[in-house]
Amino acid sequence: MSFTLRPMAAGDLPAVLQVQRLAYGDAYQELAEVLDAKRQRSPAACWVASDAAGRMLGYVLAHDWPGEAPPPLHASLPDVAGGRGAFLHDLAVAPRAHGTGVGRSLFRAPLGEAGRA
């Protein structure tokens, strides 16, 4: 399966939520507003993978984070700038793309951006 990676945009959030639900079920479904706040926090570290028809195959959301403990789920991030490190908040791959390398590529995408910063 061929796929492309690109930075996540606000318009991707409905498809991101669909993939999130497929991967984790309803218990971990976050609101679009919460996910978008995380995307806006570190836009260069949030990516999507899509197939040739433009259908979402997976995504990764990562952001800077100053704390040792992970940020709370289902909550917007506090207004703290300049985190000491990066936090991989979420990575999910649609079941139809399992085993295709999408997850590995998404995992590496924010790492590549961090290396360029």
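Some observations on this one:
- Screening residue 63 on (1) surrounded by 11 or more Cβ atoms within 10 Å (Cβ to Cβ); (2) in a loop (DSSP other than H, G, I, E, B) shows it passes everything except condition (2).
- Residue 21 being in a helix (DSSP H, G or I), surrounded by 13 or more Cβ atoms within 10 Å (Cβ to Cβ), at pLDDT 90 or above and charged (D, E, K, R): yes
- Summed over the range 53-65, residues that are closer than 11 Å to residue 5 by Cα, among the small types (Gly, Ala, Ser) and in contact (Cβ under 8 Å) with a residue 40 or more places away in the chain total 1.
- Restricting attention to the range 1-18, the residues that are in a loop (DSSP other than H, G, I, E, B) and at pLDDT 95 or above total 3.
- Some residue of the range 51-60 being touching a Leu at 6+ places or on another chain (Cβ under 6 Å), modelled with pLDDT under 95, of a type outside the set (Ser, Thr, Tyr) and not in a loop (DSSP other than H, G, I, E, B): no
- Tally, over the range 68-106, of residues that are out of contact with any helix residue (DSSP H, G or I) (no Cβ under 7 Å at 6 or more places or on another chain), farther than 13 Å from residue 35 by Cα and either buried (at least 16 other Cβ atoms within 10 Å of the Cβ) or modelled with pLDDT under 85 (or both): 18
The values are calculated or read from the model by the stated rules, or taken from the named source; none is laboratory data. Bear in mind the structure is a predicted one, so any value in this text is a computation, not a measurement. Here Cβ is always computed from backbone atoms with ideal geometry, including for glycine, and neighbour counts include all displayed protein chains.
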